[in-house]
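**Q** Okay, handing you the structure first.
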Amino acid sequence: MSTIGKHLSSSQLILLSFAGVILTGSLLLMLPFATQSGSGASFPDALFTATSAVCVTGLIVHDTATYWSMFGQSVILLLIQIGGMGVVTIAVALTILSGRKIGLKQRSTMQEAISAPQVGGIVRLTGFIIKTVVLIECIGAILLLPAFCSEFGFFKGLWYSIFHSISAFCNAGFDLMGIRAPYSSLTFFVAHPLMNMTIMALIISGGLGFLTWHDITTHHLHFHRYRMQSKVILATTAILILLPAIYFFFGEFSNLSAGERFWAALFQSVTPRTAGFNTVDLTALSEVGLAIIILLMIIGGSPGSTAGGMKTTTFAVMISSALSVFRRKEHTHFFGRRIDNEVIREAGTLLTMYLILFLTGGFMISRIEGLPLLACLFETASAIGTVGLTVGITPELGLVSRGILIALMYFGRVGGLTLIFAAMAPRQRITAKLPQEKMTVG
């Protein structure tokens, strides 16, 4: 590890590694042969696209299929893969493959990057992550192959299958369907069972987190043996898919047939956390439907996953904490296990930060651009949740508004606590306490 790296905390290393990959990707996308026109992208456009790819968001200012060349698309896909797996995970994996020893500093950084419970076993866990990613993305590409090959022929269909499999598993939301209609995402496959099931399975798989997958592969169907965190993630994910799907089926998409409405409702309940594909025109949703998607985008995926957002565990802890207060119970708990008060404080901090940044960003963009507030809040929720869903206003935004979205995407991917810990110098533990006084809330 370099001399500079030795003086940086794990949080600072994570921040700088993401920033370095984003800058490198921006420079590559500015090359003349990165665009189909041969003129190269401007730095603001390249920076926005690279940030969106590394932060696995999917918000774009140019249609991926029609604006970027094969080289540009390949760069974007590489950035998605690096961002989805995590820059630190890639670095540790390359170190392992090169036969070099993994130091304690690297293990500690890796632990923080994937939200592992302990430093021990990090090398084995890294190997498991690499194998899981390769296996799931390959299976996804194979399942998508028939649909894309029938549309575009074998070689182009193969590229489309690989691109969309990686983009879906990494919860990125980038697509190449703009050749049929600009910014159309997967709207042409609204009632295609294989396409819907495969993309949804990839999104959910990537959003569960690698530690959850480790539990699944180790203990199989013996749910009681899972870590408490895995149980919470699986239960919360199931609820956040089922309830919105029921609303979307009965409350939206009245212009679709029953079969189309089933697939549309299920897909639109899965993709906001935090994939960014869509199979229907989101501008046709009611304000209630848009508000539900905004909430799902802010919640996001799970810790140690390819997804961003506030995280399902944060949401679950806050709900459980509220229920404990309602029931006048002293402690918050899940599955017979008590949650430490420090975890509840961190969850409250994250919720507050996400809400403040999401609302502030939306207010600023609405004021600067003169656009409806709900549309702007939708874009900022999509950015900070690293989702990529849009109501179509992002390509028309000015530089300042795009800068706001870039900052929100970066924050949403690296994590709020990582940014705080990187910015704040470590303090010595102080045992003395200030006098306590009761204050009424509510």
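**Q** What's log10 of I(q)/I(0) for the stretch 185-252 at q = 0.16, 0.24 Å⁻¹, Debye sum over Cα points only, no solvent?
**A** Summing over Cα pairs of the stretch 185-252 leads to -0.69, -1.09.
**Q** Hey, if we sort 23, 374 by accessible area with the 1.4 Å probe, largest down, what's the order?
**A** Working: 23 90, 374 55 Å².
I get 23, 374, largest accessible area first.
**Q** Roughly how compact is the stretch 244-295, stated as its Cα Rg over 2.2 N^0.38 Å to two decimals?
**A** Values: Rg = 9.8 Å, N = 52, 2.2 N^0.38 = 9.9 Å.
So the Cα radius of gyration is 0.99 times the expected 2.2 N^0.38 Å.
**Q** Report the equivalent ellipsoid semi-axes for the stretch 334-401 in whole Å, largest first, defined as the square roots of five times the eigenvalues of the gyration tensor built from alpha carbon atoms.
**A** Here the semi-axes work out to 32, 12, 8 Å.
**Q** Hey, any idea what the orientation-averaged projected area of the convex hull of the stretch 268-356's Cα atoms comes to, in nm²? Before the final figure, lay out each step's value.
**A** On the way: hull surface 28.9 nm².
Taking a quarter of the hull surface, the average projection is 7.2 nm².
**Q** If you don't mind, there's one more thing I want to ask. Can you give the convex hull volume per residue for the Cα atoms of the stretch 308-357, as a whole number of Å³? Please list the in-between numbers first.
**A** Working: hull volume 3.7 nm³, N = 50.
For the stretch 308-357, the hull spanned by Cα atoms encloses 75 Å³ per residue.
**Q** With a bin width of 5 angstrom, please list the P(r) values of the stretch 211-345 as percents of all Cα-Cα pairs, from the 0 bin to the one holding the largest distance.
**A** Pair shares across the bins are 2, 9, 17, 18, 16, 15, 11, 7, 3, 1.
**Q** Continuing with this model, one more query. Simple spin-label model, 7 Å along Cα-to-Cβ: residue 369 to residue 341 in nm?
**A** In this crude spin-label approximation the distance works out to 4.4 nm.
**Q** Leaving out ligands, DNA and RNA but keeping every protein chain, what accessible area does residue 226 have, in Å² rounded to the nearest 10, with a 1.4 Å probe?
**A** Its accessible surface works out to 20 Å², give or take rounding.
**Q** If you roll a 1.4 Å probe over the heavy atoms of the protein chains, what accessible area per residue do you get for the stretch 250-333, in Å²?
**A** On the way: 3420 Å² over 84 residues.
About 41 Å² of surface per residue is accessible.
**Q** For the stretch 146-301, compute Rh as the Kirkwood radius over C-alpha pairs and then the Stokes-Einstein diffusion coefficient at 37 °C and 0.692 mPa s; write the answer in µm²/s, rounded to an integer.
**A** Diffusion coefficient, whole number: 200 µm²/s.
**Q** Going by amide H atoms built from the backbone, whose H comes under 5 Å of the H on residue 334, apart from near neighbours?
**A** The list, which skips near neighbours in sequence, is 339.
**Q** Could I ask something else about it? Would you work out the relative contact order for the stretch 266-375, in percent, from Cα pairs under 8 angstrom that are 6 or more residues apart?
**A** Values: 92 pairs, mean separation 18.1, N = 110.
Result for the stretch 266-375 is 16 percent.
**Q** Something else: Would you mind estimating how fast the stretch 120-218 diffuses translationally, via Stokes-Einstein at 4 °C and 1.567 mPa s with the Kirkwood radius over Cα pairs, in µm²/s? Numbers along the way, then the final one.
**A** Working: Rh = 14.3 Å.
Calculated translational D: 91 µm²/s.
The values are calculated or read from the model by the stated rules, or taken from the named source; none is laboratory data. Remember, predicted model here, so these are calculated numbers, not experimental data. Ideal geometry is used to build each Cβ from the backbone, glycine not excepted, and the neighbour counts take in all protein chains shown. All accessible areas refer to the heavy atoms of the entire protein, side chains included, with ligands and DNA or RNA removed. Shrake-Rupley method; radii C 1.70, N 1.55, O 1.52, S 1.80 Å.
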